[in-house]
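Inspection log for the structure reproduced underneath, given as structure tokens.
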Amino acid sequence: MIDHIKQLEAMARQLEPDAQARQQLLAQVTTYAEHFLQGLADAPVFVSGTDNGRSLYDSPISETGTGIEAALQTIQTSVDRPNLNPASPHFLGYIPGGGLYPSALGDYLAAVSNRFAGVYYAAPGAVRLENMLLQWMAELVGYPATMAGNLASGGSIAQLIAIVTARETCGIQPADIGRAVIYTTEQVHHSVEKAIRIAGLATAGQHPIPTDSHYRMDATALEQAIIQDKQAGLRPWLVIASAGTTNVGAVDPLTAVDDIARQHNLWYHIDGAYGAFFVLCEEGRKVLAGMDKSDSIIMDPHKGLFLPYGTGAVLVKNRQHLYQAHHASADYMQDTLDMAEELAPSDLSPELTKHFRGLRLWLPLKLFGVAPFRAALAEKIELARYFYHKIQEIDGFEVGPYPDLSVVTYRYVPPRGSTNAFNQRLIQEIVRDGRIFISSTQLNGNFVLRLAVLNFRTHLETIDMTLEILAEKVRSVGGY
Ligand SMILES: *Cc1c(COP(=O)(O)O)cnc(C)c1O
């Protein structure tokens, strides 16, 4: 038996490379990362015509490992090359992502030490570190210190946590769902729809509220809808406002919505996944006034704080509400119960074992301080405004509303032929070209182009290049 154990041990020990082997691995990985980062500005932001990663199947998982070189080669050709490169400064589509380098180092340290960040007893420091970050966000939003929050994997899960908390706090039982009504605009992010469905609320009523010419919620229409639904014997219980819609970056009238929510006793949730961190800069703070009034809010560090994908936050003003909706206990957890001085992620979210996400946020904030984040966010707003003015100087372009934050909508109106078809061709050409990446949407039945500025690597030169490329592609698509 001992022989067998020793035999197994010899094999199992391969899982722990020695110090020298570790250094070699790390050196090769950082060489790869440096190559990636140093080539970023000149690399295409969209690469078409590859095998879309199909060659991954040529090296399946097998009994024996490959070396790090072969593994990095596979990552390069099959993963990092095909299609969209969101780390690029020239990524201006959807809502751009980030990828702060110190976050990668924070992830590295979190993975190496592997603290159990879900439970206070196991890792009080890790729990406090995340709570401290959430408290910092609460201050930004204007919530009291008695709030609670959670660093989730992204905005969608944060949204789900908020909606489940609202459902539990408002006591919406299965028997009530048929009468319960939720209020949003049609501009709300589709993760709200998803969360409503996953939370078992698909059969609840949803009353779409019209938007104004800036695609912001019409607060008067909201109040009318609530009154009308009450008169019809329904139960209005939840209103969801957007602090920066994904579509056009519009901020709903946050204070007016609050007045109505209070008057009619609704839970007030704000989706600030894209926009809420703009509160760090002066211009953003003006537009976002009233966020503090809500009962819950989500905000995505992997958007507005430029983190790599994998971190979205939810804050709930009354910590009891978040706790009541998410805590649970079990016999095998009995050792962990007593000494908690702070609520931990496992009390406040669906997760037990979790990625120690705090470190990837804390490390860049500690290394850089907050000031460069403020500047970068102010810069993104300015760049969007700059584009908004400059694009109108190119003959034939028309714009949507003046940007509340950092999304601009626009389209080219050709002298003849279908405007929608022209803009579809235009965006195809731009994506194929690969120097910049923009995306599109539908507004009032029109196919419109979007420019979303949020990558921390995007600066003036990218916007100027975008203006040049747009002018150039209009000429080639239109044959002028
Ligand atoms: C991105 C986004 C979401 C969803 O967040 P994920 O982090 O992508 O899951 C929700 N709402 C808005 C307004 C967003 O921009």
What helices does the chain have that are whole DSSP H segments, at least 20 Å long along their own axis by Cα, and with mean Kyte-Doolittle hydropathy of 0.0 or more? 124-141, 155-169, 460-478
Radius, Kirkwood style, for segment 15-125 when every pair of distinct Cα atoms is counted (Å): 16.9 Å
Using alpha carbons only, what's the Rg to Rh ratio of the chain with Rh from Kirkwood? 1.01
Distance from segment 128-182 to segment 429-480 (C-alpha centre basis), Å: 36 Å
Structure-based [θ]222 nm, the chain - -39500 (n - 2.57) summed over DSSP H runs of at least 4, per residue, nearest 500: -13500 deg cm²/dmol
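Pop the C-beta distance of Gln442 and Arg385 into the FRET formula with R0 = 25 Å and round what comes out to the nearest 0.05. Numbers along the way, then the final one.
Working: r = 24 Å, r/R0 = 0.95.
E(calc), rounded to 0.05, equals 0.55.
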Along principal axes, largest first, the alpha-carbon spread of segment 411-469 in whole Å comes out as 36, 22, 18
Relative contact order of the chain (C-alpha contacts under 8 Å, at least 6 apart) in percent is 21 percent
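So which trypsin sites (Lys or Arg not before Pro) in segment 397-480 end up in coil per DSSP with only 15 or fewer other C-beta atoms within 10 Å? Display every interim value, and only then the final one.
Values: sites: Arg411, Arg416, Arg425, Arg432, Arg435, Arg450, Arg457, Lys473, Arg475; in loops: Arg416, Arg435, Arg457.
Here the trypsin sites (Lys or Arg not before Pro) that fit, given the DSSP loop and packing criteria, are Arg416.
How far, in nm, would the chain grow between Ala27 and Ser329 when pulled straight, counting 0.36 nm per residue and subtracting the alpha carbon separation?
On the way: separation 302, 0.36 × 302 = 108.72 nm, distance 4.36 nm.
Here the segment from Ala27 to Ser329 would lengthen by 104.4 nm.
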Protection proxy (average C-beta count within 10 Å per residue), highest first, orders 307-319, 251-263, 49-61 as 307-319, 251-263, 49-61
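Every read-out reported here was derived from the displayed coordinates using simple, explicitly stated rules and does not represent laboratory data. Please read all numbers here as calculations on a predicted model, not as lab measurements. Glycine gets a Cβ as well: all are built from the backbone with ideal geometry, and neighbour counts include every protein chain shown.
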